[in-house]
Amino acid sequence: MSVLLHLNGAPGVGKSTIAEQLVAARPGWLNCDIDILRTLIGGWKDTFAAAGAQIRPVAREMMAAQLATGRGVVLPQLIMQDRELAQFKSLATVCGVPYVHVYIDAPDQELAMRWQRRNAGNPWTATSQRILRELGGTDAVLVAGGLARELAVVDRAVFVRSDRGRIDDAVAQIANLLP
């Protein structure tokens with residue numbers, strides 16, 4: 001069955017890792033990682049936020065095409081604004097599929113440690129880390145996570161804890177939410 005599964009949470013909480021594992025176990029599903037897609041926009045390193053805004057409509061079209069096939073989509077994306085969340089929820093409604101909003105949670109100290117130790121082996125991680133450092137480092141990570149958490153509460157998202165060394169538990173909990 002087709003579903004739009006949105007994994008929300010602070011930078012470094014494990015959204016992308018969880019998405020990769022969920023999709024690996026579901027042949028034909030799409031991992032629509034907007035952070036990876038943004039790297040396809042020329043100049044994205046210098047215009048990170050603008051590149052994200054430019055690629056989101058493309059990502060929505062990609063997700064709509066995927067959902068139309070009857071296959072699922074996992075969207076690992078930090079969303080902190082009602083307007084942006086409404087666009088993804090509306091996409092699911094228009095496509096006639098359930099929208100499942102999951103907030104991946106971890107204690108602040110754990111988030112700070114993960115963000116600081118995050119592997120910068122891919123270009124978007126290195127660039128996002130640079131931008132977050134410019135915005136205040138760990139404080140910026142925690143503020144972003146807090147804003148997304150508040151939005152998730154209002155949206156009645158399902159909260160799943162992502163504990164260090166227990167990512168498989170989070171994956172299993174989320175898999176149990178799927179139709």
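No lab work stands behind these numbers, since they all come straight from the coordinates. Computed from a predicted model, the values in this text were never measured in an experiment. Cβ sites come from the backbone with ideal geometry, for glycine too, and all protein chains shown count toward neighbours.
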For this session: Give a residue-ordered list of calculated ³J(HN,Hα) values for the range 165-179 (Karplus: 6.51 cos²θ - 1.76 cosθ + 1.60, θ = phi - 60°; whole Hz; x for Gly, Pro).
Result: x, 10, 4, 4, 5, 5, 4, 5, 4, 5, 4, 5, 7, 7, x
For this session: Between ASP35, ASP168, ASP105, find the one with the highest GNM mean-square fluctuation for the chain; connect C-alpha pairs within less than 10 Å.
Result: ASP168
Seminar exercise, completed: Counting sequence-distant residues (5 or more places) and residues on other chains, those with an amide H built under 5 Å from that of VAL100 are LEU4, LEU5, HIS6
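Between ARG26 and GLN116, what is 0.36 nm times their sequence separation minus the Cα-Cα distance? Round to one decimal in nm.
Values: separation 90, 0.36 × 90 = 32.40 nm, distance 3.12 nm.
Extra length available between ARG26 and GLN116 comes to 29.3 nm.
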Exercise. Over the chain, what is the relative contact order in whole percent, taking alpha-carbon pairs under 8 Å and six or more residues apart?
Worked result: 35 percent
Problem set entry | Neighbour net charge for ALA59 - beta-carbon separation under 15 angstrom, K R +1, D E -1 | +1
Problem set entry | Residue-averaged [θ]222 nm for the chain, counting only DSSP H segments that reach four residues, each worth -39500 (n - 2.57) | -17500 deg cm²/dmol
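Counting other C-beta atoms within 10 Å, which of ILE104, ILE41 has the fewest, and how do the rest follow? Don't jump to the answer; show the numbers that get you there.
On the way: ILE104 26, ILE41 17.
Listing ILE104, ILE41 from fewest to most nearby Cβ atoms yields ILE41, ILE104.
How do ILE167, ILE174 rank when sorted from fewest to most other Cβ atoms within 10 Å of their own Cβ?
In increasing order of surrounding Cβ atoms, one gets ILE167, ILE174.
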For this session: Taking the Cα centre of the chain as origin, work out the dipole magnitude from +1 charges on Lys and Arg Cβ and -1 charges on Asp and Glu Cβ, in debye rounded to 20.
Result: 220 debye
Problem set entry | Interchain or long-range residues, amide H under 5 Å from ILE79's placed H | GLY9
Problem set entry | Label-point separation in nm, GLN173 to ILE36, each point 7 Å along Cα→Cβ | 2.4 nm
For this session: Give the distance, in whole Å, between the Cα centre of the range 140-165 and the Cα centre of the range 47-96.
Result: 19 Å
